[in-house]
Structures are given as C-alpha cells and as structure tokens.
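The values are calculated or read from the model by the stated rules, or taken from the named source; none is laboratory data. This one's a predicted model, so the numbers in the text were calculated from it and none came from an experiment. Heads up, the Cβs are rebuilt from the backbone with ideal geometry, glycines too, and the neighbour counts pull from every protein chain shown. Surface accessibility is based on the protein's heavy atoms, side chains included, excluding ligands, DNA and RNA. Shrake-Rupley method; radii C 1.70, N 1.55, O 1.52, S 1.80 Å.
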Amino acid sequence: MILLEPNSYVLEDTLLTRFTSEKPEVVDITLVDFDNVIYHVQTSAEQRTLLNLSVEMKYFNEVLAYGAESILQREYGDYLVPVTNSQYQITLQFNLEQLPADKAGLAKHVSMLKRNVLASPFVRAFEYWESQQEGAGPLMATHYRENEAIYVQAQQDRVTVIFSTLFQEEVDRVLGKVFLQEFVDARRQAAIQNAPQVFYSSREAPLEIRHLPELRQDESVGYVSFVLFPRHFADAEVREQTISQIQLFRDYLHYHIKCAKAYMHSRMRTRVKEFLKVINRAKPDRTTAASEKRTATGRYFRPQFRQSSATSPQQVEGEW
C-alpha cells in the first residue's frame, strides 16, 4: 500500500513549468484536488509576467476561525493579494521576472497550500495542549466534504481526531470495515506500539461528538477516532509529519478500497476466462455434413456401440 503525498503534484508540475518557461505565455488552467479543492492558474494577455493562482475551498470560512489566516500570512505573505473573484477564497500572485533562485522549492511549497490551510485546527489544538489549561478544549469541526467532517479536540494529556466518512455502496462499507479493523488490530504488534490509538464505530458516533445535531445515524456512516499523545506532536518536526499524514486518512482509506475492488474484479475476470476454457473443451464435436453416413435410401446411419461381451448379435448390428 502506498502513502499519498500531502502536496498537489499536478499543481506543483504546472507551476514549475510556468516558473521555468523562457517566454511567458497566456495561461488559463483549472485543476482539481482532493476534497473538491479547485485551483485556477491564470495569466492575462496584457500582463503575461504576472501569474495568478486562485483557490476555492468550500470549508475555508470554517478554518478561518481556527487561525488559517495567520498560517497563510506566515507561509505565503509575500504573494497574497486581494481576491477579485467571489468564487475563490485565496489568491496568490507571482511575478515571473522576480522569482527566487529555488523555483522548484517555491512550486513545492505552494503545492502544499491545501495542507497548510487544513492544518489550522490541528495547530490550534496542539497550542491548547501546550498551554496546560484545565479541561477539554473547544471542539473544532471542519466539513471538508459533503456529509463528512473532521473533528479535533484537545485535552490535558491528548488530542482526539475524529473522521466521519460516508460509504456510498454496500461493498465499500464491508471493505472499509475490514481495513479499519486492521488499523485497530495492527497496533497490538510490538513494532508499532507507539502508533496512535484507533477506534472505529459504524452508525453510532463517539462520545465527543454525540451531542451534535447534524450527525447522520445510519449504516452508511462510519466514525474513526485517532488518539494522539504528546509523543506524536511535542516535537516540531514530528508534529508537522503527524498533521500531513492524518489529513490524508480519508483519501488513503477510499483509495485503497477502490484498489481492492479493482484487484478483485481483475481476479474474477481471470477466473471466468479459465472456466470458459474448461467449458469449451468439454463440448463434443458436432457432426459435419462431410462425416455423416447415410444408407442408399437416404436414411442416417447411427451406430450403436457394444456395451458388454454378452451382448446379442442383434444388438451389435447398426440401426438402419
């Protein structure tokens, strides 16, 4: 099983191509990322050296309350410009004649924009844990997909992250339950005892979010809870890696469900082909016109074969 990258590769490749182009061109490209995030890369005919990147995130207003604006200013402050199209929430502008020497590094950093914006509730929860305040912190919900959300809540000794995921088909629900049960059972191995605790429940929501009115209570919804301990976010480098990996859990789960279905379909097609070969070999050869035998009167000759040594002479003769 592969691990998905936290950045958008197609956005990185598109930006790097424009950054390294010797002659600025008119560009108007729309890209789509996970969780219905849309990127619009555009230049105008009048100012081809100014490259604009506009981003549409349906959950942007929610993460603004968790400090997303400060993260944007810290990471992309030099390139942020006012938004001119109401469809988009973020706009970055690059002067192709005044780019830094490390153009590949800039393209890589910009392709992490979605990851950095979605990291705001995690950063807020880790900061609450560092403040050592008594009691549980606020429950931060991010509805990053339709009917699906991420809930983050800090406590004195841990940070709880809850994913609500929707399974559209019965097969997806069965495979998802198998995958998630493996997450629960795998932690019993001694080699990964330091991994976060994982809890899975279908239909019934965890206690931390059970009071919320908008939760769905049916068989198509599953809830996955991760319990992060200080060893997962106390160190700055480990914290950034934890945020990057846990954000992609939903995409990772559904990606491998689709891969498992594709593998099983290919195996079933292969097995059906083998069965068809066996059936075709079992078919008796049909009698052709050249091999048919008839009598002088035109009747077909159908011989009867001897069944035993005690058969009478009358039974041995052919039937005319």
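With an 8 Å cut-off on Cα pairs and a minimum separation of 6 or more residues, tell me the relative contact order of the chain in percent.
Values: 406 pairs, mean separation 39.6, N = 320.
After rounding, I find 12 percent.
Which of rounded, prolate, oblate describes the range 136-193, given a ≥ b ≥ c as roots of the alpha-carbon gyration tensor eigenvalues and a/c under 1.5 marking rounded, otherwise prolate only if a/b is larger than b/c?
Oblate, because a/c is 1.5 or more while a/b does not exceed b/c.
Starting from the residue with the highest accessible area, list 109, 211 in decreasing order, probe 1.4 Å. Write out the running numbers ahead of the final one.
Values: 109 65, 211 130 Å².
Final ranking, largest accessible area leading: 211, 109.
Under a GNM of the chain (C-alpha, springs under 10 Å), which listed residue has the highest mean-square fluctuation: 245, 189, 89?
Most flexible of the set in this elastic network: 189.
Using a 7 Å offset from the Cα along the Cα-to-Cβ direction at both residue 271 and residue 36, what is the distance between the two label points in nm, to one decimal?
Here the answer is 3.8 nm between the modelled labels.
Suppose a student asked you for the relative contact order of the range 62-203, using Cα pairs under 8 Å spaced at least 6 residues apart; what percent would you report?
16 percent
Express in whole angstrom the spacing between the alpha-carbon centres of the range 55-75 and the range 143-195.
24 Å
With +1 on each Lys and Arg Cβ and -1 on each Asp and Glu Cβ, how big is the dipole of the chain about its Cα centre, in debye rounded to the nearest 20? Kindly include the intermediate steps, with their values, before the conclusion.
Working: 37 positive and 41 negative charges, 523 e Å.
Roughly 2520 debye for the chain.
How much of residue 269 can a 1.4 Å solvent probe reach, expressed as accessible area in Å² and rounded to 10?
Only protein atoms counted, so the area is about 140 Å².
Checking the a/c ratio against 1.5 first, then a/b against b/c, what shape does the Cα gyration tensor give for the range 19-71?
Prolate is the answer for the range 19-71, as a/c is 1.5 or above and a/b outweighs b/c.
Near residue 8, within a Cβ-to-Cβ distance under 13 Å, what is the net charge of the other residues, with Lys and Arg +1 and Asp and Glu -1?
Numbers: positive: 108, 114, 115; negative: 5, 12, 13, 33, 35, 251.
It works out to a net charge of -3.
Among 184, 272, 171, whose mean-square fluctuation peaks in a Gaussian network model of the chain (Cα, cutoff 10 Å)?
In the Gaussian network model the winner is 272.
Pick from 273, 23, 58: which is most flexible by mean-square fluctuation in a GNM of the chain where alpha carbon atoms under 10 Å apart are linked?
Among 273, 23, 58, the largest GNM mean-square fluctuation belongs to 273.
Tell me the mean residue ellipticity at 222 nm calculated for the chain from its helices only (DSSP H runs of n ≥ 4, each -39500 (n - 2.57), averaged over every residue, nearest 500).
That calculation yields -11500 deg cm²/dmol at 222 nm.
With +1 on each Lys and Arg Cβ and -1 on each Asp and Glu Cβ, how big is the dipole of the range 1-131 about its Cα centre, in debye rounded to the nearest 20?
0 debye
Classify the range 60-217 as rounded, prolate or oblate, taking a ≥ b ≥ c as the square roots of the eigenvalues of its Cα gyration tensor: rounded when a/c is under 1.5, otherwise prolate if a/b is larger than b/c and oblate if not.
Numbers: a/c = 1.78, a/b = 1.70, b/c = 1.05.
Since a/c reaches 1.5 and a/b is larger than b/c, the shape of the range 60-217 is classed as prolate.
Subtract the Cα-Cα distance of residue 44 and residue 104 from 0.36 nm times their separation in residues, and report this length gain in nm to one decimal.
Details: separation 60, 0.36 × 60 = 21.60 nm, distance 2.32 nm.
Going from the current span to full extension adds 19.3 nm.
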